[in-house]
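The values are calculated or read from the model by the stated rules, or taken from the named source; none is laboratory data. No experiment lies behind these values; they were computed from the predicted model shown. We place every Cβ from the backbone using ideal geometry, glycine too, and count neighbours over all the protein chains shown. All accessible areas refer to the heavy atoms of the entire protein, side chains included, with ligands and DNA or RNA removed. Shrake-Rupley method; radii C 1.70, N 1.55, O 1.52, S 1.80 Å.
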Amino acid sequence: MKSSFKSFFRSLHHRFLPTKLWSRSLLIMLTPVILIQTVGGIYFYDNHWQSVGRRLALGIASEIKSAIALYEAFPEGPDRDLVLRTLQHNLRLNISFSAPVEDAKSRKIKSFIRTAELIPALEGIGFPFEIRPTEKNEETKGLYVTFYTPKTTAEVYLPYKFFFSSTTYVFALWVSVLSLLLFGIAAVFMRNQIRPVLHLAEAAENFGLGRDVDKFKPEGAAEVRKAALSFMKMRDRIRRHIEERTRMLAGVSHDLRTPLTRMRLQLSMMGETPEAAELLNDVIEMEHMVNGYLDFIRGNDRKPAEQTNIPRLIADAIEPLRKEGVSLNFTATEPLIMNVRANDLKRCVWNLVSNAQRYASIVNVALNVGKDRAEIVVEDNGPGIPADKREDVFKAFYRLDESRNSETGGTGLGLTITRDIVMAHGGKITLEDSELGGLKAVLSFPK
């Protein structure tokens, strides 16, 4: 049960949450801001809005009730006219009185956000009333409220600003704009902090692909600089290891080739005897093995990667391999320019095609270009390689006795060198069954 819950939440995490550091950082910054604004709007703005609106509405209701009571307290005549002028002059209400209406009932407009506190306050006056909004063509927006008392009919014009506070809108807009501004500033600073991490990741990827990373410099926060310095130390150690290996193998090459050359001379002076011929074949095989081993571990003299036309490179690599009796075809889905070491990739394709030609009469080479990756496919109609031996053939000096002996299969380093080149470019190589009946080699590279 616990593992099922973990897998469920893990699937939700991968499905809905962003995967990039930049997106996750923005989400981390944006989530608290949204929560604060939501909680503040519910528990503060709403309460403040209701409190202010209730106070304004109660004040308006109190003034209306006082005006009606004062007006009705005086009979018609000069005193009532004086009271009316006094009300118009001292109160902010625009109120007028007329004859009473019999059997009047309250008729209210549908309550909305501006009248949420006003209607309960007007009901507290105790008289039936009718509310209607101003016409659309009127300059000032508000409400007309008509009260029906036993002695008179009072009509009051109430602009929205009398009972509705717009400061909450202004405050909310100000807070939102300020939050967006601060979020934008924080996003810029966060991007500057993430940029060194992206540069470090790019440098590590380029180094893994064999590209030049000498211009990389540590930058950013102390932790990022520490990781960058560790990467540079690792890069230098790997380079020193390759250089030491190359120097050691140069010495081994000299030490081995010199006695082999002397043995060749001595065997040539012994005459053409069966024993001398056998020894000479052993010497030649040893020379092939030494040369193959040196080719396998040579890496110091590789040229740097450069932009290369891949279809043209493949065509140039397989053109010298065309021979009578073997059908060799090449197709490419679309043009492709990649940053590769051209000589190494050409040698990789040459190894695969030449191996296929030894045991097949049909060899097809294809370049399949996808959105994120590019594949070089070499397949044939030969005997193929058993599924349980396909991983072993990548081991150094491993040979399949039933199909690749020392005379036809070389030293057993062809596929080892091929995989080394593919992995140096950040790719991978897999061996599969071909639709032609033989072996299918797939080289997959990131674009």
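List of remarks:
- Check on Gly410, touching a strand residue (DSSP E or B) at 6+ places or on another chain (Cβ under 6 Å) and either at pLDDT 85 or above or surrounded by 16 or more Cβ atoms within 10 Å (Cβ to Cβ) (or both): no
Let's see how each residue does on (1) among the small types (Gly, Ala, Ser); (2) at pLDDT 75 or above; (3) open to solvent by less than 60 Å² (accessible area, probe 1.4 Å):
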position	(1), (2), (3)
Ile242	no, no, yes
Thr258	no, yes, yes
Met263	no, yes, no
Pro274	no, yes, no
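- The lone exception for Ser96 - which of (1) at pLDDT 75 or above; (2) among the small types (Gly, Ala, Ser); (3) open to solvent by 60 Å² or more (accessible area, probe 1.4 Å) it fails: (3)
- Residue match in the stretch 318-325 (condition: open to solvent by 40 Å² or more (accessible area, probe 1.4 Å), among the acidic types (Asp, Glu) and in contact with a strand residue (DSSP E or B) (Cβ under 8 Å, 6 or more places away or on another chain)): no
- Among the residues of the stretch 355-368, those that are touching a residue at least 40 places away in the same chain (Cβ under 8 Å) and of a type outside the set (Gly, Ala, Ser) comprise Asn355, Arg358, Tyr359, Ile362, Asn364, Val365, Leu367.
- Test: residue in the stretch 52-61 that is within 13 Å of Thr149 (Cβ to Cβ) and touching a residue at least 24 places away in the same chain (Cβ under 8 Å): no
- Strands (runs of 3 or more DSSP E) enclosed by the stretch 306-404 - at least 1 residues per element that are under 30 Å from the mean Cα position of the chain (by Cα), of a type outside the set (Lys, Arg) and more than 19 Å from Lys440 (Cα to Cα): 306-309, 337-340
- The residue of the stretch 34-56 that is nearest to the chain's Cα centre (by Cα), among those that are of a type in the set (A, V, I, L, M, F, W, C) and surrounded by 15 or more Cβ atoms within 10 Å (Cβ to Cβ), is Trp49.
- Comparison of Val170, Val175 shows that the only residue that is surrounded by 15 or more Cβ atoms within 10 Å (Cβ to Cβ), modelled with pLDDT under 85 and part of a helix (DSSP H, G or I) is Val175.
- The residue that is surrounded by the most Cβ atoms within 10 Å (Cβ to Cβ), counting only those in the stretch 413-432 that are of a type in the set (A, V, I, L, M) and under 32 Å from the mean Cα position of the chain (by Cα), is Ile421.
- Summed over the stretch 199-237, the residues that are part of a helix (DSSP H, G or I), touching a helix residue (DSSP H, G or I) at 6+ places or on another chain (Cβ under 8 Å), of a type in the set (A, V, I, L, M, F, W, C) and under 25 Å from Met423 (Cβ atoms) give a count of 7.
- Total residues in the stretch 295-316, condition at pLDDT below 90 and buried (at least 17 other Cβ atoms within 10 Å of the Cβ): 3
- A count restricted to the stretch 355-368 and to residues that are open to solvent by less than 10 Å² (accessible area, probe 1.4 Å) and over 19 Å from His425 (Cα atoms) stands at 3.
- Just one of the numbered conditions (1) surrounded by 14 or more Cβ atoms within 10 Å (Cβ to Cβ); (2) among the basic types (Lys, Arg); (3) in contact with a strand residue (DSSP E or B) (Cβ under 6 Å, 6 or more places away or on another chain) is not true of Arg132: (1).
- Breaking point among (1) out of contact with any Leu (no Cβ under 7 Å at 6 or more places or on another chain); (2) open to solvent by 20 Å² or more (accessible area, probe 1.4 Å); (3) in contact (Cβ under 8 Å) with a residue 40 or more places away in the chain, for Leu352: (2)
- Scope the stretch 217-248; condition under 17 Å from Ala204 (Cβ atoms) and polar (S, T, N, Q); matching residues: Ser230
- Candidates Lys151, Lys108, Lys141, filtered to the one that is at pLDDT below 75 and either among the small types (Gly, Ala, Ser) or over 30 Å from Met234 (Cβ atoms) (or both): Lys108
- Taken over the stretch 195-226, the criterion of being among the aliphatic types (A, V, I, L, M) and either surrounded by fewer than 17 Cβ atoms within 10 Å (Cβ to Cβ) or under 22 Å from Phe445 (Cβ atoms) (or both) is satisfied by Leu198, Ala201, Ala203, Ala204, Leu209, Val213, Ala221, Ala222.
- Residue count for the stretch 57-79, restricted to those that are closer than 22 Å to Phe163 by Cα, open to solvent by less than 60 Å² (accessible area, probe 1.4 Å) and either among the acidic types (Asp, Glu) or under 60 Å from the mean Cα position of the chain (by Cα) (or both): 5
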